[in-house]
Amino acid sequence: MTNKPKVTRRDFLKRGSGSVALSLFIGGGLAGFRAAAKAAAQATPLKVFTPQEARTLLVMARTLFPHDFLADDYYLKVVTAIDDKASSDPKTASMVREGLARLGNKFSLSSESEREKRLRPVEKSPFFIFVQGETLNKLYGNPEVWKIFGYEGSSVDLSSFDDIGWLPNE
């Protein structure tokens, strides 16, 4: 008698869909990533930034915190948050626009190593610090992203301190 691992339908589908996604990513390469970023940025209603600027912000956020398994939608929430703040504060809008201009129009079309090289000179700038902070807060503060990473949330939210049934009764 052999101990063959039991593969459920769900396991099979998970593994199969991961393989399909990986092959599409590898097959599409950077061109597929660029097309997805462009389409996503153009689909987001913006108040201040152009689709090109939004695409650059999206790619910058992805470069700062790269997770190939996260869809652009999660990074678009960062872009939307930055756009919202820029719409209510002209100084923020100006700072972001100037920072994007320093990165250049071709930033979103560059390789990852080239994007990293372009970001290094602006690491200490208010623009970089602002975008980095917004990305941290909006990406890792998103409960939908928590689920993807397997984080269930704060233990305070999951239980209450009143529930002390584990203590012996007096």
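Output ³J(HN,Hα) for the range 112-119: one whole-Hz value per residue in order, computed from phi by the Karplus curve 6.51 cos²θ - 1.76 cosθ + 1.60 with θ = phi - 60°, and x for Gly and Pro.
Karplus-based 3J(HN,Hα) across the range 112-119 equals 4, 5, 5, 4, 4, 4, 6, 7 Hz.
Quote the charge dipole size of the range 30-153 about the Cα centre in Debye, to the nearest 20; the model charges only the Cβ of Lys and Arg (+1) and of Asp and Glu (-1).
420
If I take R0 = 30 Å and measure r between the Cβ atoms of SER154 and ALA81 in this structure, what FRET efficiency does the formula 1/(1 + (r/R0)^6) give, to the nearest 0.05?
That pair, SER154 with ALA81, gives E of 0.90.
Classify the range 30-153 from the C-alpha gyration tensor, please: rounded if a/c falls under 1.5, else prolate or oblate depending on whether a/b exceeds b/c. List each step's numbers first, then the result.
Details: a/c = 1.39, a/b = 1.19, b/c = 1.17.
Verdict is rounded for the range 30-153.
How would you order 109-118, 70-79 from highest to lowest mean count of nearby Cβ atoms within 10 Å?
Ranked by mean Cβ neighbours within 10 Å, highest first: 70-79, 109-118.
If the limit is 22 Å between Cα atoms, which of LYS117/LYS138; LYS47/LYS91; LYS85/LYS138; LYS117/LYS147 go over it?
LYS117/LYS138; LYS117/LYS147
For a footprinting-style exposure proxy, rank PHE49, PHE65, PHE107 by other Cβ within 10 Å, fewest first. Please report the intermediate quantities before stating the final value.
Details: PHE49 23, PHE65 16, PHE107 20.
So the ranking, lowest neighbour count to highest, is PHE65, PHE107, PHE49.
Work out from phi, with θ = phi - 60° and the Karplus expression 6.51 cos²θ - 1.76 cosθ + 1.60, the ³J(HN,Hα) of each residue of the range 58-74, listed in order in whole Hz, and give x for Gly and Pro.
4, 5, 5, 4, 5, 6, 5, 10, x, 9, 4, 7, 8, 5, 4, 3, 5
Read-outs: derived from the displayed coordinates by stated rules, not from any lab. Keep in mind that what you see is a predicted model, and the values were worked out from it rather than measured. With ideal geometry, Cβ positions are generated from the backbone for all residues, glycine too; neighbour counts draw on all protein chains shown.
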